[in-house]
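Working notes, beginning with the structure itself.
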Amino acid sequence: VLDLDNTLWKGIIGDDGIDGIHVGGDYPGNIYRDLQSFFKSLSQRGVLLCICSKNTEAVALEAIEKHPGMILKDSDFVAMRINWGEKSENIRSLAEELNLGLSSFCFIDDNPVERQGVRDSIPSIFVPELPEDPASWYQFISTLPELTLNDVGAADKKRVSLYKQRTAFVNEEKKFTDKRAFLRSLAIEIQIQELNDGNLYRVHQLFNKTNQFNTSTIRYTR
């Protein structure tokens with residue numbers, strides 16, 4: 001979960017405008033472009049990116065889409081909360097929308113007051129304490145063990161698009177008052193496969209997910 005002002009770019013979009021924020025080019029914009037490149041690489045490997053920012057949504061989204069230095073675009077984020085509410089409540093709302101436990105979230109924000117507020121309100125969330133100098137952030141964040149992905153499969157790489165589909169699914173369901181009619185409208189087809197070399201990675205991954213196929217906490221090797 002990423003903040004915007006002074007986290008993904010240097011400056012405050014509501015005060016400085018698109019032309020007044022720094023991302024890309026020379027210092028300090030290069031710092032934030034490098035950070036965005038790292039977050040983009042995480043997304044491509046299956047980490048879901050969200051935004052939680054105190055801003056006017058239309059102004060922030062315009063900067064994301066139109067600033068020439070931006071690497072991350074609207075399509076890179078699976079969910080956003082851009083408003084003036086408490087960040088802890090917005091993160092809870094994101095967790096509910098994505099159907100994920102709060103312990104699965106990492107919150108990155110330049111403001112130490114916001115970081116501590118989220119820690120106090122959501123003890124299970126991971127909130128790294130960023131170095132004071134933003135020039136050190138890339139090295140610090142990119143080497144966090146919690147964000148290190150050693151084993152990435154095909155399903156992981158598709159996770160962002162799958163979660164976007166899920167969001168569309170949830171929004172479409174709200175249009176129906178009859179649950180059965182909604183399910184029929186999906187025209188779902190189920191395929192059953194035997195274990196094979198092609199699906200072994202995914203089968204092993206699912207067996208070790210405590211909230212799906214493994215409630216015993218026993219971890220199996222391939």
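The values are calculated or read from the model by the stated rules, or taken from the named source; none is laboratory data. These numbers were taken from a predicted model, which means no experiment stands behind them. Cβ: placed from backbone, ideal geometry, glycine included. Neighbour counts: every protein chain shown. Note: accessible area is taken over every heavy atom of the protein model, side chains too, but ligands, DNA and RNA are not part of it. Shrake-Rupley method; radii C 1.70, N 1.55, O 1.52, S 1.80 Å.
Taking residue 62, is it under 28 Å from residue 169 (Cα atoms) and touching a residue at least 40 places away in the same chain (Cβ under 8 Å)? For residue 62, the condition - under 28 Å from residue 169 (Cα atoms) and touching a residue at least 40 places away in the same chain (Cβ under 8 Å) - is met.
Only one entry of 154, 181 meets the criterion of being out of contact with any Ser or Thr (no Cβ under 8 Å at 6 or more places or on another chain), closer than 25 Å to residue 45 by Cβ and among the small types (Gly, Ala, Ser), and that entry is 154.
Is one or more of the residues making up segment 133-142 within 17 Å of the chain's Cα centre (by Cα) and exposed (fewer than 11 other Cβ atoms within 10 Å of the Cβ)? No, segment 133-142 has no match at all. Within segment 1-15, the residues that satisfy the criterion of being open to solvent by 20 Å² or more (accessible area, probe 1.4 Å) and free of Cβ contacts under 8 Å to residues at least 24 places away in the same chain are 12, 15. Being surrounded by 16 or more Cβ atoms within 10 Å (Cβ to Cβ) and either modelled with pLDDT under 95 or out of contact with any His (no Cβ under 7 Å at 6 or more places or on another chain) (or both), is that true of even one residue in segment 173-190? The answer is no; no qualifying residue exists. Give the residue, chosen from 169, 176, that is farther than 28 Å from residue 103 by Cα and in contact with a helix residue (DSSP H, G or I) (Cβ under 9 Å, 6 or more places away or on another chain). Every option except 176 fails the conditions. Restricting segment 191-222 to residues that are in a helix (DSSP H, G or I) and open to solvent by 70 Å² or more (accessible area, probe 1.4 Å), the residue that is nearest to residue 77 (Cα to Cα) is 202. Regarding residue 122, is this residue in contact with a Ser or Thr (Cβ under 7 Å, 6 or more places away or on another chain), closer than 16 Å to residue 6 by Cα and open to solvent by less than 70 Å² (accessible area, probe 1.4 Å)? Judged against the criteria, residue 122 is not a match.
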